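To start, the structure itself, in structure tokens.
Nothing in this text is a laboratory measurement; each read-out follows from the coordinates by a stated rule. As the structure is a prediction and not an experimental result, all values here were calculated from the model. Every residue, glycine among them, receives a Cβ derived from its backbone with ideal geometry; neighbour counts consider all protein chains shown.
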Amino acid sequence: MIDLYTAATSNGLRAAIGLAESGLRHTVRKIDLSKGEQRAPAFLKLNPAGHIPVIVDHGAARGPLTLTESTAILIYVAEKSGRLLPSEPDGRARVFEALANAMTDVYAPFEGLMHLHGEFGDKVPAEVAAGFDALVRGALTRIDGHLAGSEWVAGAFSIADIAHYCTVWRLKTRLNRTYPDLAHLQRWFAAVASRPGVQLGTSLAGRP
Ligand SMILES: N[C@@H](CCC(=O)N[C@@H](CS)C(=O)NCC(=O)O)C(=O)O
């Protein structure tokens with residue numbers, strides 16, 4: 001059994017969807033970030049950084065495993081379940097390439113925008129946000145181009161789709177960035193959103 005500690009953020013959703021799509025048995029424990037539950041002593045024992053998501057796998061090979069970092073959690077549940085990641089090196093390399101792209105070229109500038117919103121609320125200076133927005137749009141435009149000829153971001157549906165989806169979801173639900181002109185990205189987003197595992201993970205992590 002795996003315990004997931006999470007909340008309705010892009011990182012929290014990444015782990016919740018990964019677990020739901022993996023089919024591994026798990027429980028979801030919601031952490032209320034607005035109430036500071038991530039700084040409670042019991043939670044800090046799991047992750048001294050005070051960040052969700054965290055998993056505790058009570059059935060890990062060498063005894064209970066506590067794991068942080070949404071990307072590491074995605075890879076762990078994919079490897080443990082044998083789903084969401086191809087077995088042959090070429091296919092795995094493509095998934096890891098897309099995963100790295102999701103976390104560095106899309107998530108990182110998105111996080112910059114989130115920090116600006118945290119600092120300025122609705123009054124984010126447009127000229128300051130513009131640089132981050134351009135980086136996110138540039139990366140999403142390249143993914144849109146790839147999706148013009150492919151159903152998913154790297155071969156079959158994988159943890160790379162989950163990683164990208166959660167940032168695009170949060171761009172929409174938290175920052176109202178929807179990219180209606182990127183038609184292939186829209187088609188892909190709707191396809192990911194319609195998957196039962198994605199819907200289950202989203203409902204368990206909760207609304208933003
Ligand atoms: N690199 C980490 C980032 C985790 C993270 O930043 N979590 C945020 C929510 S998205 C958090 O728990 N913030 C609580 C806080 O800063 O107090 C990951 O990918 O899991």
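Need the full-extension length gain, Met1 to Glu151, defined as separation in residues times 0.36 nm minus the C-alpha distance. One decimal, nm.
Extending this stretch completely gives an extra 50.8 nm.
Step through the residues of the stretch 172-181 one at a time and calculate ³J(HN,Hα) from phi using the Karplus curve (6.51 cos²θ - 1.76 cosθ + 1.60, θ = phi - 60°), rounding each to whole Hz and writing x for Gly and Pro.
6, 6, 9, 10, 6, 9, 10, 6, x, 6
At 222 nm, what value in deg cm²/dmol follows for the chain if DSSP H runs of at least 4 each add -39500 (n - 2.57) and the sum is divided by all its residues, to the nearest 500?
-18000 deg cm²/dmol
Taking every eigenvalue of the Cα gyration tensor of the chain, multiplying by 5 and rooting it, what semi-axes result, largest first, whole Å?
26, 23, 14
Between Arg25 and Ala193, how many nm apart are label points set 7 Å from Cα along the C-beta direction?
Computed distance between label sites Arg25 and Ala193 equals 3.4 nm.
What is the extension gain from Glu79 to Lys123, computed as 0.36 nm multiplied by their sequence separation minus the C-alpha to C-alpha distance, in nm to one decimal?
11.5 nm
Could you list Phe157, Phe120 in order of exposure, starting from the residue whose Cβ has the fewest other Cβ atoms within 10 Å?
Working: Phe157 19, Phe120 12.
Fewest-to-most Cβ neighbours within 10 Å comes out as Phe120, Phe157.
Using the count of nearby Cβ atoms within 10 Å as a rough guide to exposure, how do Met1, Met114 rank from fewest to most?
In order of increasing Cβ crowding within 10 Å: Met1, Met114.
Would you mind getting me the FRET efficiency between Asn176 and Ala40? Use the beta-carbon distance for r and R0 = 25 Å, nearest 0.05.
Working: r = 32 Å, r/R0 = 1.27.
The formula returns an efficiency of 0.20 here.
Sorted from fewest to most neighbouring beta carbons within 10 Å, what does the list Glu151, Glu111 look like?
Glu151, Glu111
How many lysine pairs does the chain hold where the Cα atoms are under 29 Å apart and the two sit 8 or more places apart or on different chains?
Final tally of qualifying lysine pairs is 8.
Which number comes out as Rg/Rh for the stretch 106-208 once both Rg and the Kirkwood Rh are worked out on C-alpha atoms?
We get a ratio of 0.98 for the stretch 106-208.
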